[in-house]
Amino acid sequence: MKILIKNINYLVTMNEKNEIYKNTNIVINDNLISYIGNVLDEHYDEVYDAEDKIVIPGLINTHVHLSQQLGRGLADDVDLLTWLQDRIWPYESSLSPEDNYLSSLACCIELVKSGVTTFLEAGGQHVESMVDAVTKAGIRGCLSKSVTDSGKGLPASFIETVDDTLKYQEELYNKFNGVASGRIKIWLGLRTIYSNTDALIIKTKELADKLGTGIHMHIAEIKDEIEYAKATRGTSTVEHLANIGVLGSNLLAVHTVWLTDEEVDLFKKYDVKVSHNPAAAMKVVVGFAKVPEMIEKGIPVAIGTDGAPSNNRMDLMRDMYLTGLIHKGRTLDAKSVDAYEVLKMATMNGARCALMQDEIGSLEVGKKADLVVLDLKDIATLPIYDFIGNIVYSSTSRNVESTMCDGKWVYKHKKILFEDEEEILDRIKEKSKLIAESLNISLENKYNII
Ligand SMILES: [Zn+2]
């Protein structure tokens, strides 16, 4: 299958030289990029006219909770512990594998509509149904199981033993890593230092190194976590992880809001990857990560939306906008984290976090054909004086015209190609009624509804 995307106004490669092609074409041969330029032969199975459009690499969302998609709006305006213990854990523990499949598929639809072709899953309960949904959606996912072996307030079904959970995750790895033409990878999960014992954390690192895979963990998320770590481990989360040998290039640290300068240096020393989640940082987690400082030191910092109840959109373009804004506010420096840097975070840095920088993250001959066609001819994005600025500061998912992953369109001319979106909307509405009943959610006590 040979696809030509022609007449592209700008093609942003995000390669090492930061090259941007003007008035160009791109050729996709099966799942790879085979040519970028203006010398065309005439044998294409499909020609896509991208006149006046911008093509960028597929975006990479580094922190997603597939299982939380049906929990959007379940926990607004509450602190993180209420959010977790009273709302999200009861919701998550009530999901069947079928519910989780619906939640995952719905999430994948929202992801591809915002130009995301790869995501990193934070950890859910039913990995097999995630595998089914991601296989169907045609995108890339680094999937992991939510792993908890200690902690107060956890639903009983969430508590596992160290050996059982590691054995199960290794089985998942052997069964699913590399399936769906290599689009699915299996990572290991650690939820937080307050829901994981040291025995589990250390053995997870050993297993990840043995399998050659990544570890996804919420780290230094809230101030209480640092106090908890000091009380139980004698030092802060990151210092403790360094002391027990867990910091490494295959660790993705998510949120990282409460870091000292010394801990930032530890991340650099051990090549730890970072997922910055600006919406969650202002809605639930509350705090501003030292993103400009980490970028300055060369730490790969990428962007994540977090799950639907903590954002409440899975639109990475909106989080690109927030990333571009909040560090200017925090540092009082208008040049902090500029638009091009934000786009790099959502593409090449994301690829480094996903441990796939040789395959994805930039548009280059020989790399996987993961790309997005943007249409900025829109009342919210015109006029255009600096199109990179418009992509980061003005665009949202509504400017995504088409999304391709692994050489195949998953979203084309604003239509989802792998599922009947209308039918999924009906199923979400049906399921949400049952969730509201089971969690006893009523607006009557909250608003004056007459
Ligand atoms: Zn999370």
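The values are calculated or read from the model by the stated rules, or taken from the named source; none is laboratory data. Since this is a predicted model, take the numbers as computed values, not measurements. Reconstructed Cβ throughout: ideal geometry from the backbone, glycine too, with neighbour counts over all protein chains shown. Note: areas computed on protein heavy atoms with side chains; ligands, DNA, RNA excluded. Shrake-Rupley method; radii C 1.70, N 1.55, O 1.52, S 1.80 Å.
Regarding residue 121, is this residue open to solvent by 30 Å² or more (accessible area, probe 1.4 Å) and of a type outside the set (A, V, I, L, M)?
When the stated conditions are applied, residue 121 does not pass them.
Can you give me the number of residues within the range 78-101 that are open to solvent by 10 Å² or more (accessible area, probe 1.4 Å), more than 25 Å from residue 222 (Cβ to Cβ) and part of a helix (DSSP H, G or I)?
Of the residues in that region, 4 qualify.
Between 101, 44, 35, 91, which is away from the ligand (no atom under 16 Å from the Cβ), among the aromatic types (Phe, Trp, Tyr) and outside the structural domain of residue 400 (by TED's automatic domain parsing)?
101
Have a look at 18, 7, 23 and point out the one that is in contact (Cβ under 8 Å) with a residue 12 or more places away in the chain, open to solvent by 40 Å² or more (accessible area, probe 1.4 Å), farther than 30 Å from residue 308 by Cβ and not in a strand (DSSP E or B).
18
Give the residue that is modelled with the lowest pLDDT, with candidates limited to residues of the range 203-238 that are surrounded by fewer than 19 Cβ atoms within 10 Å (Cβ to Cβ) and under 24 Å from the mean Cα position of the chain (by Cα).
By that ranking, first place goes to 223.
Give the residue, chosen from 336, 310, that is over 17 Å from residue 60 (Cα atoms), within 16 Å of the ligand (Cβ to nearest atom) and either polar (S, T, N, Q) or crowded, with 18+ Cβ neighbours inside 10 Å (or both).
Just one listed residue meets the conditions, 310.
Identify all residues within the range 259-284 that are open to solvent by less than 10 Å² (accessible area, probe 1.4 Å) and either touching a strand residue (DSSP E or B) at 6+ places or on another chain (Cβ under 9 Å) or not assigned by TED's automatic domain parsing to the domain that holds residue 209 (or both); write none if there are none.
Matches in the range 259-284: 267, 272, 274, 275, 276, 277, 278, 280, 281.
If you check residue 432 against the conditions, is it among the small types (Gly, Ala, Ser) and either part of a loop (DSSP other than H, G, I, E, B) or farther than 19 Å from residue 97 by Cα (or both)?
It is false that residue 432 is among the small types (Gly, Ala, Ser) and either part of a loop (DSSP other than H, G, I, E, B) or farther than 19 Å from residue 97 by Cα (or both).
Listed residues 185, 230; which is outside any strand (DSSP E or B), charged (D, E, K, R) and assigned by TED's automatic domain parsing to the domain that holds residue 149?
After ruling out the rest, the residue left standing is 230.
Quick check, is residue 346 away from the ligand (no atom under 16 Å from the Cβ) and open to solvent by less than 10 Å² (accessible area, probe 1.4 Å)?
Yes.
Working only within the range 31-64, note down all residues that are of a type in the set (A, V, I, L, M) and not in a loop (DSSP other than H, G, I, E, B).
Residues satisfying the conditions are 32, 33, 36, 47, 54, 55, 56, 59, 60, 64.
Between a first residue in the range 379-397 that is closer than 19 Å to residue 59 by Cα and a second residue that is β-branched (Val, Ile, Thr) and assigned to a loop (DSSP other than H, G, I, E, B), which pairs have beta carbons less than 8 Å apart while being 6 or more apart in sequence or on different chains?
The qualifying pairs are 390/381; 390/384; 394/381; 395/381.
Among the residues of the range 239-258, is any in contact with a His (Cβ under 9 Å, 6 or more places away or on another chain), away from the ligand (no atom under 16 Å from the Cβ), open to solvent by 10 Å² or more (accessible area, probe 1.4 Å) and of a type outside the set (Val, Ile, Thr)?
Scanning the range 239-258, I find no residue that is in contact with a His (Cβ under 9 Å, 6 or more places away or on another chain), away from the ligand (no atom under 16 Å from the Cβ), open to solvent by 10 Å² or more (accessible area, probe 1.4 Å) and of a type outside the set (Val, Ile, Thr), so the answer is no.
For the range 282-307, which residues satisfy the criterion of being away from the ligand (no atom under 15 Å from the Cβ) and touching a Cys at 6+ places or on another chain (Cβ under 9 Å)?
Within the range 282-307, 300, 301 meet the criteria.
Condition check ((1) assigned to a helix (DSSP H, G or I); (2) more than 30 Å from residue 86 (Cα to Cα); (3) within 16 Å of the ligand (Cβ to nearest atom); (4) not assigned by TED's automatic domain parsing to the domain that holds residue 249) across all residues:
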site	(1), (2), (3), (4)
129	yes, no, no, no
150	no, no, no, no
163	yes, no, no, no
168	yes, no, no, no
175	yes, yes, no, no
192	no, no, yes, no
196	no, no, yes, no
208	yes, yes, no, no
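Output yes when any residue across the range 270-281 is part of a helix (DSSP H, G or I), at pLDDT 95 or above, under 18 Å from the mean Cα position of the chain (by Cα) and within 16 Å of the ligand (Cβ to nearest atom), and no when none is.
yes
Kindly indicate whether any position in the range 413-424 is assigned to a strand (DSSP E or B), under 18 Å from residue 314 (Cα atoms), at pLDDT 95 or above and in contact with a Lys or Arg (Cβ under 7 Å, 6 or more places away or on another chain).
The answer is no, given that none of the residues of the range 413-424 is assigned to a strand (DSSP E or B), under 18 Å from residue 314 (Cα atoms), at pLDDT 95 or above and in contact with a Lys or Arg (Cβ under 7 Å, 6 or more places away or on another chain).
Could you figure out which of (1) assigned to a loop (DSSP other than H, G, I, E, B); (2) open to solvent by less than 10 Å² (accessible area, probe 1.4 Å); (3) among the hydrophobic types (A, V, I, L, M, F, W, C); (4) within 24 Å of residue 212 (Cβ to Cβ) isn't true of residue 355?
Here residue 355 clears every test but (2).
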